[in-house]
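Below is one structure, written out as structure tokens, with a few remarks after it.
The values are calculated or read from the model by the stated rules, or taken from the named source; none is laboratory data. A quick note: this is a predicted structure, and the numbers were derived from the prediction, not measured. Cβ coordinates were reconstructed from backbone atoms using ideal geometry, including for glycine residues, and neighbour counts include every protein chain displayed. These area figures cover heavy atoms from the full protein model, side chains too; ligands, DNA and RNA do not enter into them. Shrake-Rupley method; radii C 1.70, N 1.55, O 1.52, S 1.80 Å.
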Amino acid sequence: MGRNTVTEQADNPSEKLTFRAFEDGDSTWDNWQEAIFSADHSHKCPTYVHRTPPCQGSCPSGEDVRGWLQIVKGVEKPPADMSWEEYAFRRSTDANPFPSMMGRVCPAPCESGCNRNQVDDFVGINAVEQFIGDTAYERKFVFEAPELGKFRVAIVGGGPAGLAAAYQLRRKGHGSTIFDDHPELGGMMRYGIPGYRTPRAHLDHEIRRILDMGGIEVETGVKVGVDVSIEHLEKTYDAVLWCIGCQSGRALPIPGSQAPNCVSGVEFLEAFNKGVLQVSAERVVCVGGGDTSIDVVSVARRLGKISNLNKSLRAEAVIGGYVAHDSAFAAMREGAEVTLTSLFPRFQMTATDHEVEDALHEGVDIRYGVMPIEVLLNDEGRAHSLRLAECAVERDGRPVPVEGTEFEIECDLIVSAIGQAGNLEGLEELDNGRGLMEADKLYHVPDRPGHFVAGDIIRPHLLTTAIGQASIASSSIDRYLNGEEPGKRPKVDVHHFSLLDKLRETSLDPEAYDHRQEWGTCDANYAVHNYEDRSAHEIISSDKLFLGHFAYEARNRRESHGPDEEHVLSHFEERHVGLDAESARDEAGRCMSCGMCFECDNCVIYCPQDAVFRVKKDKTTMGRYVDTDYDRCIGCHICADVCPTGYIEMGMGE
């Protein structure tokens, strides 16, 4: 038995919830370590323990998700001279300077980890983050930066990792120069994701907000290794951070894939995002199963085809950079047949499920559990069909075709979205042999002092992963520049809520400790009495919460304007309409504040000895709402049992 009996209502959230701490007939403790009672008391008293919630522990960029949800919710109050909207923005961007972008395109592992899934449905974290980012865009919130120091860092790559690193370094007082081989900054956010998912006005604003901090120079259209040497960077800058991403798509490893109309997903999307690709082809097949493949097929359905298109203007010629489509082609578009193939069944695809659902709604034909085995060529050497077979996955993870299940799909364009590699032209000395770069746990480049690395060039993954790596790399660079030892990162390596910072913010700073030997801290002003911060070591799970406190609440969903298959052609409007302030606050109100007090008063109300009490109003702040009078406490554990968030633990001695 756990502390909560989770019934089938978690799977049927429309029904009444019946969470209970114990079942009828329970009279003994299952855990002998908690069988500590003598009559009505024990030798354990409550302590207040801060732990990391699973949403935050699941976030690759380490955002203090619970923190900014509590601000939006209204539990954590902003400073007197700041609105709650700006305060939430500042807490959110402590880890990630792109709330508007991430709120739209992040696949939200935080929502998968949300403990609210055990009650009804996850908190719509993405939707609230989009609200924070869009509000910051509308109100033109700016980033603050300290005085610029003497050090400068060369950042190679102006995508999410490079920009996030420039931001974090500037917050530490360090200037930087960003080198990028594209005409504009943004990397995959601009050139790899369609504009109807990352609106360019919001993207431009979030990039400009970073550059407006000052001390960040930009050199676009410059390829390091070709136009600028590594030696020049080493001589000119105090450190180098490699954030070059993965701009080269992997070709299909099958016969015939060298055909001119076999292109990579990266190339396809970049041509579209540059505006040179205005139509795709009559029959498009994309091989993939991840988020990039979903973007490819969604774009292909929107672009459609043009009948009797001149051969010189075929999609592969545009993608190859030889020609460009005229924008007038948009008026002649007709629907295209678009097929996506995946090695795995739908539930195992790496693409976000709602993106898969959108693609199906838009008329994409998805074939699950199949693998390509050969590209069939015509007399011109162009692909005219893709031969596939059903596949089985061996124990070592290797897919193999099932004999006798072969079939063909006719096509005019084949797009490979099966993986990416870096473009290391001129940087061959950094290549680890797999088209990527090596990094240690602190994101140093091994055996190259002063060189650091972050983002997809280590291993292609999510935008938010690149941003999180950039944050850690920036800390490593800061220590390197200041001549400090690399140090050790915490076990739970995220941006944690700091009670000490909150006390300082509210002018409740503890007094200096004079190191006198004293018994107890209940009357001391140099320590926070009976508070323990385990957030750097522990993530709190749902079995530590009292789920019975939470009633069913439907999620406040964003409006979605995804087109169906009849209206997808030339539909480039944004999919998601963000929440308004009221809906955002309601949705944030569903947060269960796992691992942190959210001031519900249960412990105060249910304590039979009146031992738990509210801290005086002039001393209270977030994380410091209740205290315990140990002269009254008998260790009955009721406060811990009724604490919804798992913030109270029976642990202190007599």
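Data for the structure
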item	result
Test: residue in region 341-363 that is open to solvent by 30 Å² or more (accessible area, probe 1.4 Å) and either touching a helix residue (DSSP H, G or I) at 6+ places or on another chain (Cβ under 6 Å) or assigned to a strand (DSSP E or B) (or both)	no
Test: residue in region 312-320 that is touching a residue at least 24 places away in the same chain (Cβ under 8 Å), part of a helix (DSSP H, G or I), out of contact with any Phe, Trp or Tyr (no Cβ under 7 Å at 6 or more places or on another chain) and among the basic types (Lys, Arg)	no
Residue selected from region 147-169 under the condition open to solvent by 20 Å² or more (accessible area, probe 1.4 Å) and not in a strand (DSSP E or B), by the criterion nearest to LEU241 (Cα to Cα)	PHE151
Strands (runs of 3 or more DSSP E) wholly inside region 170-246 containing at least 1 residues that are at pLDDT 95 or above and open to solvent by 20 Å² or more (accessible area, probe 1.4 Å)	216-220
Some residue of region 64-75 being small (Gly, Ala, Ser) and at pLDDT 95 or above	yes
In region 374-426, the residues that are aliphatic (A, V, I, L, M) and without any contact (Cβ under 8 Å) to a residue 40 or more places away in the chain	ALA389, ALA392, VAL400, VAL402
Criterion violated by ILE539 - all others in (1) of a type in the set (A, V, I, L, M, F, W, C); (2) under 26 Å from VAL119 (Cβ atoms); (3) at pLDDT below 90 satisfied	(3)
Region 622-649 residues that are under 20 Å from LEU499 (Cβ atoms), paired with ones that are open to solvent by 30 Å² or more (accessible area, probe 1.4 Å) and of a type in the set (Asp, Glu) (beta carbon under 6 Å, 6 or more apart)	TYR625/GLU599
LEU241, sole failed condition from (1) farther than 30 Å from SER385 by Cβ; (2) out of contact with any helix residue (DSSP H, G or I) (no Cβ under 7 Å at 6 or more places or on another chain)	(2)
Number of positions in region 504-553 that are farther than 24 Å from LYS617 by Cβ, among the aromatic types (Phe, Trp, Tyr) and open to solvent by less than 60 Å² (accessible area, probe 1.4 Å)	2
Evaluation of ASP501 against (1) open to solvent by 60 Å² or more (accessible area, probe 1.4 Å); (2) in a loop (DSSP other than H, G, I, E, B); (3) among the acidic types (Asp, Glu); (4) over 25 Å from ILE193 (Cβ atoms) (one fails), failing number	(2)
Of all residues making up region 404-421, the number that are more than 22 Å from the chain's Cα centre (by Cα) and not β-branched (Val, Ile, Thr)	9
Any chance LEU269 is in contact (Cβ under 8 Å) with a residue 24 or more places away in the chain, more than 29 Å from ARG104 (Cα to Cα) and outside any strand (DSSP E or B)	no
Number of positions in region 364-381 that are open to solvent by less than 30 Å² (accessible area, probe 1.4 Å) and more than 15 Å from GLY288 (Cβ to Cβ)	3
Flag for ASN556 being open to solvent by 60 Å² or more (accessible area, probe 1.4 Å) and touching an Asp or Glu at 6+ places or on another chain (Cβ under 9 Å)	no
Region 118-133 residues that are under 15 Å from PRO53 (Cβ atoms), paired with ones that are open to solvent by less than 10 Å² (accessible area, probe 1.4 Å) and charged (D, E, K, R) (beta carbon under 7 Å, 6 or more apart)	PHE122/ARG116; VAL123/ARG116; VAL123/GLU587; VAL123/ARG590; VAL128/GLU587
Residue, surrounded by the fewest Cβ atoms within 10 Å (Cβ to Cβ), within region 75-110, restricted to residues that are touching a residue at least 60 places away in the same chain (Cβ under 8 Å) and among the β-branched types (Val, Ile, Thr)	VAL75
Those residues of region 427-478 which are open to solvent by 30 Å² or more (accessible area, probe 1.4 Å), out of contact with any helix residue (DSSP H, G or I) (no Cβ under 8 Å at 6 or more places or on another chain), in contact (Cβ under 8 Å) with a residue 40 or more places away in the chain and farther than 18 Å from MET189 by Cβ, in sequence order	LYS441
Residue in region 369-382 that is over 20 Å from GLU267 (Cβ atoms) and under 29 Å from the mean Cα position of the chain (by Cα) present	yes
THR628 vs. criteria touching a Leu at 6+ places or on another chain (Cβ under 9 Å) and at negative phi	no
Close pairs (9 angstrom Cβ cut-off, 6 or more residues apart or separate chains): closer than 17 Å to ASP440 by Cα in region 482-505, in a loop (DSSP other than H, G, I, E, B) and acidic (Asp, Glu) anywhere	PRO486/ASP440; LYS491/GLU538
